[in-house]
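What follows is a single structure, written as structure tokens, with notes after it.
The values are calculated or read from the model by the stated rules, or taken from the named source; none is laboratory data. Treat the numbers as computed from the prediction; the structure is a model and nothing was measured. Heads up, the Cβs are rebuilt from the backbone with ideal geometry, glycines too, and the neighbour counts pull from every protein chain shown.
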Amino acid sequence: MKSNDNSSFKIKGLDHIQLAAPLDSEQKARNFFYHLLGMEEIEKPELLKQNGGVWFQCGNQELHIGIEQNFMPARKAHPAIYVTNINQLKERLNHHSIDIITDDRLPGYQRFYVNDPFGNRLEFLELI
């Protein structure tokens, strides 16, 4: 692969991923991402609270749920979230009647997909 000519800057990583959600869905997001998945909710900056939504810590990055007036779920685009004990997570999701789509096409990983309460696609994966 040919290298680029951008020697004056370097991409360092991701700060956050944002998923959209419909109006007044903050509590549904908390129920799923905090109560079910165990992600810690983090405080939004005061100037951004008026926009609605809710933010969660996801490892070293953040997952932001943003409110969108004319909401459409992301069915293909998705965050891929590393987990440990992926089978335990799968059991927990099954227990809560969350549909799971298993995918074994990525060598070296165990992974599956689910939809959040708003229809956004999420991928969970663990290195094997």
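Would you call Arg30 among the charged types (D, E, K, R), surrounded by fewer than 17 Cβ atoms within 10 Å (Cβ to Cβ) and outside any loop (DSSP other than H, G, I, E, B)? Considered against the rule, which asks whether it is among the charged types (D, E, K, R), surrounded by fewer than 17 Cβ atoms within 10 Å (Cβ to Cβ) and outside any loop (DSSP other than H, G, I, E, B), Arg30 comes out as yes. The set of residues from the range 4-27 being β-branched (Val, Ile, Thr) and assigned to a loop (DSSP other than H, G, I, E, B) comprises just one member, Ile11.
Tell me which residues, restricted to the range 100-127, are outside any loop (DSSP other than H, G, I, E, B) and among the polar types (S, T, N, Q). Result: Thr102, Gln110, Asn115. Consider Arg75 carefully, then state whether it is under 30 Å from Lys49 (Cβ atoms), surrounded by 10 or more Cβ atoms within 10 Å (Cβ to Cβ) and either at pLDDT 95 or above or not acidic (Asp, Glu) (or both). In short, yes.
Sub-6 Å Cβ pairs linking a first residue in the range 69-88 that is farther than 22 Å from Glu126 by Cα to a second residue that is aromatic (Phe, Trp, Tyr) and outside any strand (DSSP E or B), at least 6 apart or interchain, are Pro73/Phe118, ordered by first then second residue. Might you check whether a residue that is among the polar types (S, T, N, Q) and surrounded by 11 or more Cβ atoms within 10 Å (Cβ to Cβ) occurs anywhere in the range 89-105? Yes, that holds for at least one residue.
Looking only at the range 41-66, residues that are in contact with an Asp or Glu (Cβ under 9 Å, 6 or more places away or on another chain) and assigned to a loop (DSSP other than H, G, I, E, B) come to 2 in all. For Gly38, the stated conditions do not hold, so it cannot be described as on the phi > 0 side of the Ramachandran plot, in contact with a helix residue (DSSP H, G or I) (Cβ under 7 Å, 6 or more places away or on another chain) and either among the aromatic types (Phe, Trp, Tyr) or modelled with pLDDT of 95 or more (or both). Determine, yes or no, whether Lys10 is loosely packed, with under 10 Cβ neighbours inside 10 Å and either over 18 Å from Glu123 (Cβ atoms) or in contact with a Pro (Cβ under 6 Å, 6 or more places away or on another chain) (or both). Criteria met by Lys10.
Residues in the range 67-75: is at least one over 15 Å from the mean Cα position of the chain (by Cα), of a type in the set (A, V, I, L, M), assigned to a loop (DSSP other than H, G, I, E, B) and within 13 Å of Leu19 (Cα to Cα)? So far as the range 67-75 goes, yes, one or more of its residues are over 15 Å from the mean Cα position of the chain (by Cα), of a type in the set (A, V, I, L, M), assigned to a loop (DSSP other than H, G, I, E, B) and within 13 Å of Leu19 (Cα to Cα).
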